[in-house]
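Structure first, then comments.
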Amino acid sequence: DTLIQKANELELKLIKTGEAIIQAQADLEAAEEKKEEQYEAMKKRIKFMYESGTGSATVEKVMTSGDMSSMLSQAEYSQKMHEYDREQLKEYTNTVTEIENLQKNLEATEKEYEAEQATLTETINSKKDEITNLDGMIQEAARKAEEERKAEEERRRREEEAKNNVTPEQPVTPSNPN
């Protein structure tokens with residue numbers, strides 16, 4: 001993989017993880033709102049039960065309801081209310097568990113995001129070091145190439161000078177002392 005491909009892959013992974021974090025935060029907020037609503041409903045129900053009387057009061061309502069059909073209706077109503085209360089409590093505990101799980105998942109996703117971000121930063125820094133080293137090598141190679149070019153120019157110049165300074169051999173004539 002090239003550096004750009006690797007950086008792009010890590011960036012896409014970071015984006016997906018960031019989106020997962022945003023979704024997890026939204027889910028967590030929704031679950032916390034649901035928990036709060038359930039808690040408020042339970043408080044109202046408990047207050048109502050306290051004010052209207054429970055336990056012996058429920059038995060008393062059943063016994064004093066008059067005829068058998070009213071008594072059965074009252075008993076059935078009391079049983080349904082009890083089942084409803086249990087179901088609401090179960091839902092509330094499930095919501096609390098869901099919130100705990102969402103928080104754990106969010107924390108894990110955030111750690112994953114931080115790790116991916118650190119990996120990307122590390123990769124970028126590593127590649128910057130490689131680029132710096134390559135730049136140094138390129139500059140050294142360019143300097144050597146320039147030196148070689150100058151040396152070659154100097155050699156050619158000297159060859160040309162040598163050719164120009166040497167004239168064709170002229171016959172040597174003895175000098176006349178006359």
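The values are calculated or read from the model by the stated rules, or taken from the named source; none is laboratory data. None of the values given here were measured: they were computed from a predicted structure. Note that each Cβ is placed from the backbone with ideal geometry, even for glycine, and that neighbours are counted across all protein chains shown. Areas reflect the complete protein model, heavy atoms only, side chains present, ligands, DNA and RNA absent. Shrake-Rupley method; radii C 1.70, N 1.55, O 1.52, S 1.80 Å.
Being of a type in the set (Gly, Ala, Ser), assigned to a helix (DSSP H, G or I) and at pLDDT below 90 is the requirement here; does residue 142 meet it?
Here the answer is no, as residue 142 does not meet what is asked.
Out of the residues in region 74-130 meeting the condition of being among the basic types (Lys, Arg) and without any contact (Cβ under 8 Å) to a residue 24 or more places away in the chain, tell me which one is nearest to residue 34 (Cα to Cα).
Restricting attention to region 74-130, the residues satisfying the condition of being among the basic types (Lys, Arg) are 80, 86, 90, 104, 111, 127-128.
Next, from what is left, pick out any that are without any contact (Cβ under 8 Å) to a residue 24 or more places away in the chain: 80, 86, 90, 104, 111, 128.
Details: 80: 23, 86: 17, 90: 13, 104: 18, 111: 26, 128: 49 Å.
Top of the filtered list is 90.
Are there any pairs with C-beta distances below 6 angstrom linking a residue in region 1-24 that is farther than 11 Å from residue 113 by Cα to a residue that is assigned to a helix (DSSP H, G or I) and open to solvent by 80 Å² or more (accessible area, probe 1.4 Å), with the two at least 6 apart or on different chains, and if so which?
24/105
Restricted to region 6-26, and to residues that are exposed (fewer than 14 other Cβ atoms within 10 Å of the Cβ) and among the polar types (S, T, N, Q), which residue is modelled with the lowest pLDDT? Step through it out loud before you land on a result.
In the first step, residues of region 6-26 are kept if they are exposed (fewer than 14 other Cβ atoms within 10 Å of the Cβ); the result is 8-9, 11-12, 15-16, 19, 22-23, 26.
Still in the list and also among the polar types (S, T, N, Q): 8, 23.
On the way: 8: 82, 23: 88.
It comes out as 8.
Of all residues in region 66-83 being of a type outside the set (S, T, N, Q) and under 56 Å from the mean Cα position of the chain (by Cα), which is farthest from residue 42 (Cα to Cα)?
Ranking the candidates gives 76 first.
Given the structure, is residue 102 surrounded by 13 or more Cβ atoms within 10 Å (Cβ to Cβ) and closer than 30 Å to residue 44 by Cβ?
When the stated conditions are applied, residue 102 passes them.
Could you identify the single residue in 77, 50 that is of a type outside the set (Lys, Arg) and either surrounded by 10 or more Cβ atoms within 10 Å (Cβ to Cβ) or at pLDDT 80 or above (or both)?
77
Could you run through region 25-43 and say how many residues are touching a residue at least 12 places away in the same chain (Cβ under 8 Å) and not hydroxyl-bearing (Ser, Thr, Tyr)?
Of the residues in region 25-43, 10 are touching a residue at least 12 places away in the same chain (Cβ under 8 Å) and not hydroxyl-bearing (Ser, Thr, Tyr).
Results for (1) part of a helix (DSSP H, G or I); (2) of a type in the set (A, V, I, L, M, F, W, C); (3) modelled with pLDDT of 85 or more; (4) loosely packed, with under 11 Cβ neighbours inside 10 Å, shown as yes or no for each residue.
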{"site": "1", "(1), (2), (3), (4)": "no, no, no, yes"}
{"site": "4", "(1), (2), (3), (4)": "yes, yes, no, yes"}
{"site": "28", "(1), (2), (3), (4)": "yes, yes, yes, no"}
{"site": "92", "(1), (2), (3), (4)": "yes, no, yes, no"}
{"site": "97", "(1), (2), (3), (4)": "yes, no, yes, no"}
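Given the criterion modelled with pLDDT under 85, open to solvent by less than 100 Å² (accessible area, probe 1.4 Å) and farther than 30 Å from residue 22 by Cβ, identify the matching residue among 173, 167, 123.
That would be 167, the only listed residue that is modelled with pLDDT under 85, open to solvent by less than 100 Å² (accessible area, probe 1.4 Å) and farther than 30 Å from residue 22 by Cβ.
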